[in-house]
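Notes to accompany the following structure.
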Amino acid sequence: MNAVTELAALLPAGTVLTDPDVTAAYARDQTFLVPGTPLCAVKARSRDDVVTTLRWATEHRVPVVPRGAGTGLAGGATAVDGCVMLSLAGMTAIRELSPADEIAVVEPGVINADLDRAARRHGLMYAPDPSSHEISTIGGNLATNAGGLRCVKYGVTRDSTLGLEVVLADGRVLATGRRTMKGVTGYDLTGLFVGSEGTLGVITAATLRLRRAPAAPPVTLAAEFPSPRAAGDAVAAIIAAGCRPVLLELMDRNTLRAIDDWKHIGLDPGVQAMLIAQAEAGPGGDAARMARLCEDAGASFVAVSTTPEEAEELIGLRRLAYPAKERLGACLVEDVCVPRSALPDMITAIEETAARHATMICTVAHAGDGNLHPVFVFDRGLAEPPPNVWAAADEVFRAALDAGGTLTGEHGVGLLKRRWLELETGPLAGELQRGIKQVFDPLGIMNPGKAI
């Protein structure tokens, strides 16, 4: 009996997939990266399936690459040669939703938006909402510490994660964290696993914090600017004024043009950037004040929603940004993050980099927390970005670090950013991180070659 046949015998029928055409579908994420060839794929349906797979993998020294919906943008869920692609997408149970404690206990295959909808039936909401919220899984969100449009007010995935159930590389099951809103017993292992990109263990359940949903739909505004720099100045003014937007999103001219070419939104030729902001309705809301600050920063036009339908229509523009850019060609999607005060300068640096390297860069930003997504567009017929695109990306990464920022705000390091990692972490931090990896995964079988 060979090793894969042995694994298939240990798991429920139909759990292990070996057909190369089928396993290839599990081998890659949303990047252009060419994946390795998996040994097999495992469609886990329970924690026991994960335990069995990892015990077998440890015994046979087989690498394991966990994956959810495959929506990652950094290569974190791409196959390595001879690995098991461990899919958690079938673990879709919301084990508990407690309105009294404002928590949910969910499995990793639960879709982000489905959890939010379940919470709203109880007057609650799940705050993290990445742009892929209708298709990305909670497990993938946890793996990359995903953010989203509302993170300016409510924080990223780690801020909503109270505890985890994790299967370690040798099959042992670890419970971390708690169900309470605070607690400092021992080291923060929950925080360590969130954002670890499957390199330390496999998350099989998470206790997540829910929040009270606003009593009324929020008010949304869209402001048009003659330059991205002016839009960045408006963001800085909004934050400095003490406004508390629910979201604060920026789109540059290239992004807006891509949306207009696709959906014919009637974009004015003079508009070079758009800011979309949202505030809670009612007396405590900041929509009117943010509109005035946008006008003071040079906005040529500001529209404020008067109905929930208008608000959703304006937010819908922002959610069109990535699919609109995909229509232009292959995309290298990045997500540098800088201090909010450095946002206007970073926007300028990206524009100058694009011109210097003759590269199309479409930039959107979770502007309220300084997280920019410059998307480098290149010929779809190429296997990977050409040299001028890599040179432009290198320049953008270094500019972000020089501004006191980071290489990645929410997409993760994966494979794409490992070459720049030590520029940010330095040799000592790198050494310590490799030591942590050794503690949890001494054989190095968990998502090897990723994240660190």
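Just to verify a result, which residue in segment 272-297, among those that are assigned to a loop (DSSP other than H, G, I, E, B) and in contact with a helix residue (DSSP H, G or I) (Cβ under 6 Å, 6 or more places away or on another chain), is nearest to Asp233 (Cα to Cα)? Top of the filtered list is Ala297.
Is it the case that segment 363-374 has a residue that's acidic (Asp, Glu) and within 25 Å of Ala273 (Cβ to Cβ)? Yes: segment 363-374 contains one or more residues that are acidic (Asp, Glu) and within 25 Å of Ala273 (Cβ to Cβ). For Glu224, the stated conditions do not hold, so it cannot be described as outside any helix (DSSP H, G or I), within 18 Å of Gly68 (Cβ to Cβ) and either out of contact with any strand residue (DSSP E or B) (no Cβ under 7 Å at 6 or more places or on another chain) or not aliphatic (A, V, I, L, M) (or both).
At least 3 residues being touching a His at 6+ places or on another chain (Cβ under 9 Å) is the threshold, and among the helices (runs of 4 or more DSSP H) wholly inside segment 93-180 those reaching it are 112-120.
Every residue, every condition in (1) in contact with an Asp or Glu (Cβ under 9 Å, 6 or more places away or on another chain); (2) free of Cβ contacts under 8 Å to residues at least 40 places away in the same chain; (3) of a type outside the set (A, V, I, L, M, F, W, C); (4) under 19 Å from Pro228 (Cα atoms), yes or no:
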position: Asp286; (1), (2), (3), (4): yes, no, yes, no
position: Arg292; (1), (2), (3), (4): no, yes, yes, yes
position: Ser300; (1), (2), (3), (4): yes, no, yes, yes
position: Val304; (1), (2), (3), (4): yes, no, no, no
position: Pro339; (1), (2), (3), (4): no, no, yes, yes
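Within segment 60-67, is even one residue within 12 Å of Thr23 (Cβ to Cβ) and out of contact with any Pro (no Cβ under 9 Å at 6 or more places or on another chain)? Yes.
What number of residues in segment 235-271 are assigned to a helix (DSSP H, G or I), over 18 Å from Glu326 (Cα atoms) and of a type in the set (Gly, Ala, Ser)?
3
From the list Glu395, Glu410, Glu384, which one is charged (D, E, K, R) and buried (at least 23 other Cβ atoms within 10 Å of the Cβ)?
From the options Glu395, Glu410, Glu384, the qualifying one is Glu410.
Only a single item in (1) at positive phi; (2) at pLDDT 95 or above; (3) not acidic (Asp, Glu) is not met by Gly191, and it is number (1). Every residue in segment 223-248 that is surrounded by fewer than 24 Cβ atoms within 10 Å (Cβ to Cβ) and more than 24 Å from the chain's Cα centre (by Cα), please. The answer is Glu224, Pro226, Ser227, Arg229, Ala230, Asp233, Ala237, Ala240, Ala241, Gly242, Cys243.
For every residue, the table says whether it meets (1) in the same structural domain as Val156 (by TED's automatic domain parsing); (2) closer than 27 Å to Glu410 by Cα; (3) surrounded by fewer than 23 Cβ atoms within 10 Å (Cβ to Cβ); (4) more than 25 Å from the chain's Cα centre (by Cα).
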site	(1), (2), (3), (4)
Leu33	no, yes, yes, no
Ala44	no, yes, no, no
Arg47	no, yes, yes, no
Glu59	no, no, yes, yes
Val65	no, yes, no, no
Gly75	no, yes, no, no
Cys83	no, yes, no, no
Ala104	yes, yes, no, no
Pro108	yes, yes, no, no
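Hey, could you check segment 298-338 for residues that are in contact with a Pro (Cβ under 8 Å, 6 or more places away or on another chain) and in a loop (DSSP other than H, G, I, E, B) and say which is nearest to Asn371 (Cα to Cα)? Here the answer is Val336.
Residues of segment 137-164 being within 22 Å of Leu407 (Cα to Cα) and polar (S, T, N, Q), which ones? Residues satisfying the conditions are Asn141, Thr144, Asn145, Thr157. Checking each residue in segment 167-208 for being in contact (Cβ under 8 Å) with a residue 24 or more places away in the chain and either among the β-branched types (Val, Ile, Thr) or assigned by TED's automatic domain parsing to the domain that holds Thr71 (or both) picks out Val167, Val173, Thr190, Val194, Thr199, Val202, Ile203, Thr204, Thr207.
A quick yes/no check of all residues on (1) acidic (Asp, Glu); (2) in the same structural domain as Leu73 (by TED's automatic domain parsing); (3) surrounded by fewer than 20 Cβ atoms within 10 Å (Cβ to Cβ):
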{"position": "Asp268", "(1), (2), (3)": "yes, no, yes"}
{"position": "Gly282", "(1), (2), (3)": "no, no, yes"}
{"position": "Asp286", "(1), (2), (3)": "yes, no, no"}
{"position": "Leu293", "(1), (2), (3)": "no, no, no"}
{"position": "Glu313", "(1), (2), (3)": "yes, no, yes"}
{"position": "Lys325", "(1), (2), (3)": "no, no, no"}
{"position": "Thr359", "(1), (2), (3)": "no, no, no"}
{"position": "Leu372", "(1), (2), (3)": "no, no, no"}
{"position": "Phe376", "(1), (2), (3)": "no, no, no"}
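If you go through segment 323-352, how many residues are over 21 Å from Trp420 (Cα atoms) and β-branched (Val, Ile, Thr)? Of the residues in segment 323-352, 1 are over 21 Å from Trp420 (Cα atoms) and β-branched (Val, Ile, Thr). Where helices (runs of 4 or more DSSP H) fall entirely within segment 339-452, those with at least 3 residues that are out of contact with any strand residue (DSSP E or B) (no Cβ under 9 Å at 6 or more places or on another chain), more than 26 Å from Ala324 (Cβ to Cβ) and of a type in the set (A, V, I, L, M) are at 421-440.
Among the residues making up segment 19-28, those that are without any contact (Cβ under 8 Å) to a residue 60 or more places away in the chain and either under 23 Å from the mean Cα position of the chain (by Cα) or assigned to a helix (DSSP H, G or I) (or both) are Pro20, Asp21, Val22, Ala24, Ala25, Ala27, Arg28. All but one of (1) open to solvent by 60 Å² or more (accessible area, probe 1.4 Å); (2) at pLDDT 95 or above hold for Gly405; which doesn't? Result: Gly405 passes all but (1).
The values are calculated or read from the model by the stated rules, or taken from the named source; none is laboratory data. Because the structure is predicted, anything quoted here is derived from the model rather than measured. No Cβ is skipped: glycine too gets one built from the backbone with ideal geometry, and neighbour counts run over all protein chains shown. Each accessible area value is taken on the protein alone, full model and side chains, heavy atoms only, with ligands, DNA and RNA left out. Shrake-Rupley method; radii C 1.70, N 1.55, O 1.52, S 1.80 Å.
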